[in-house]
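Below you'll find the structure, written out as structure tokens, and then a few comments.
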Amino acid sequence: MRTTIAKITEMKRRGERIAMLTCYDYPTAVWEDEAGVDIVFVGDSVGTNVLGYESEKEVTLDDMVHHLKAVRRGVRQAYLLVDLPYLTYETPEEALRNARALISHGADGVKLEGFRPDIVRNLVRDGIQVCAHLGLNPQIHEKKGLRAKTAVAATRLISESEALEDAGAWLMVYELIPEEVAREATRRLSIPTIGIGAGRHTD
């Protein structure tokens, strides 16, 4: 039985841990799926980890489609999430066109970086499942490092998280934020949270 948003959201409600792993190829997809990973994620980190690019900003939509199709062949049960790459969701119309392309190649949902409630709302209105991503955003931030370090920045991140949930995002990724901030955000949101270097308290 395929993993759905409803199942993953119920896992949060019950306090069950959610497993999400990045994947770029068919054999890894098979292993992750058979191991019971809940969300398999085709990330734009494929650019720096596999393709030899200097930055995630070099990754194209064609790159994402190529790796998405390979991963789709290996995933039978897990929810399959994929990144919208850099500069592919600058307007609602562009975001919708490119998200539809990724969905047509087998993604269950798309992820985008930054505080873009207008884009999220437009995609959700079209029936596309959206994961938001706050904290460190590799497509946006040149300098890699901890985010939301001050009280003001932490308050802003939590406020933006709630706005993205209100816009229709069903999942939130937090990257490189203090675990105390991740804990408070996770407590406030009804949608599940996934941490990348965000401590012990995400879902």
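What accessible surface, in Å², does a 1.4 Å probe find on Tyr24, ignoring ligands, DNA and RNA and rounding to the nearest 10?
40 Å²
What lysines sit close enough to Lys144 to cross-link, taking a C-alpha to C-alpha distance under 28 Å and skipping anything fewer than 8 places away on the same chain?
Once the sequence-local lysines are set aside, what remains near Lys144 is Lys57, Lys111.
I'm a student and want to see the number: the projected area of the Cα convex hull of segment 90-200, averaged over all directions, in nm². List each step's numbers first, then the result.
Values: hull surface 27.4 nm².
Orientation-averaged projected area of the Cα hull: 6.9 nm².
So which aspartates and glutamates pass the test for Lys149, namely a Cα distance under 18 Å, with those fewer than 8 places away in the same chain ruled out?
Qualifying aspartates and glutamates at Cα under 18 Å: Glu160, Glu175, Glu179, Glu180, Glu184.
Over the Cα atoms of segment 19-59, each weighted equally, I'd like the Debye log10 I(q)/I(0) at q = 0.18 Å⁻¹, rounded to two decimals.
Per q value, in the given order, log10 I(q)/I(0) is -0.51.
Using a 1.4 Å probe on the protein chains only, how many percent of the accessible area of the chain belongs to carbon and sulfur? Mind showing how you got there, number by number?
Values: 4900 of 9530 Å².
Carbon and sulfur: 51 percent of the exposed surface of the chain.
Given charges of +1 on the Cβ of Lys and Arg and -1 on the Cβ of Asp and Glu, with all other atoms neutral, how large is the dipole of segment 1-53 about its Cα centre, in debye to the nearest 20? Mind dumping the intermediate values first?
Working: 6 positive and 8 negative charges, 75 e Å.
In total the dipole reaches around 360 debye.
Counting Lys and Arg as +1 and Asp and Glu as -1, each charge on the Cβ, what is the dipole of the chain about the Cα centre in debye, to the nearest 20?
Values: 26 positive and 31 negative charges, 116 e Å.
Using only the charged Cβ atoms, the result is roughly 560 debye.
Which longest uninterrupted range of the chain lacks any GluC sites (Glu not before Pro) assigned by DSSP to a loop state (not H, G, I, E or B) and surrounded by at most 10 other Cβ atoms within 10 Å?
55-141
How far is it, in nm, from the label point at Arg14 to the one at Thr150 when both lie 7 Å from their Cα along the line to the Cβ?
Roughly 4.3 nm, to one decimal.
Using the charge dipole of the chain (Lys, Arg: +1 at Cβ; Asp, Glu: -1 at Cβ; taken about the Cα centre), state which of Gly36, Leu84, Val130 has its Cα farthest towards the positive end.
Going by the charge dipole, the pick is Gly36.
Ignoring everything but the protein chains, give the 1.4 Å probe accessible area of Thr150 in square angstrom, nearest 10.
Accessible area, nearest 10 Å²: 80 Å².
Normalized C-alpha radius of gyration of segment 1-116, against 2.2 N^0.38 Å?
On the way: Rg = 14.2 Å, N = 116, 2.2 N^0.38 = 13.4 Å.
For segment 1-116, the normalised Cα radius of gyration comes out at 1.06.
Quick one: 3J(HN,Hα) in Hz for segment 60-72, Karplus 6.51/-1.76/1.60 with θ = phi - 60°, rounded, Gly and Pro as x.
9, 4, 4, 4, 5, 4, 4, 6, 4, 4, 5, 5, 4
Note down the magnitude of the dipole of segment 91-195 about its Cα centre, charges +1 on Lys and Arg C-beta and -1 on Asp and Glu C-beta and zero elsewhere, to the nearest 20 debye.
Dipole about the Cα centre, nearest 20: 160 debye.
When all C-alpha to C-alpha distances in segment 158-202 are sorted into bins of 10 Å, what percent of pairs does each bin hold, rounded to whole numbers?
Each 10 Å bin holds this share of Cα pairs: 33, 59, 8.
Reported to two decimal places, what Rg/Rh ratio describes segment 48-115 when computed on Cα atoms with Rh from the Kirkwood expression? Walk me through the numbers on the way to the answer.
Values: Rg = 12.0 Å, Rh = 12.5 Å.
Rounded to two decimals, Rg over Rh is 0.96.
Roughly how many Å² is the accessible area per residue of segment 64-203, as a whole number, for a 1.4 Å probe? Can you show the working numbers first?
Numbers: 5950 Å² over 140 residues.
Value for segment 64-203: 43 Å² per residue.
Size of the chain along its principal axes in angstrom, Cα-based, largest extent first?
43, 36, 33
The values are calculated or read from the model by the stated rules, or taken from the named source; none is laboratory data. These figures come from a predicted structure and were not determined experimentally. Methodologically, a virtual Cβ is constructed for each residue, glycine included, from the backbone with ideal geometry; neighbour enumeration extends over all protein chains shown. Keep in mind that these areas ignore ligands, DNA and RNA; they rest on the heavy atoms of the full protein, side chains included. Shrake-Rupley method; radii C 1.70, N 1.55, O 1.52, S 1.80 Å.
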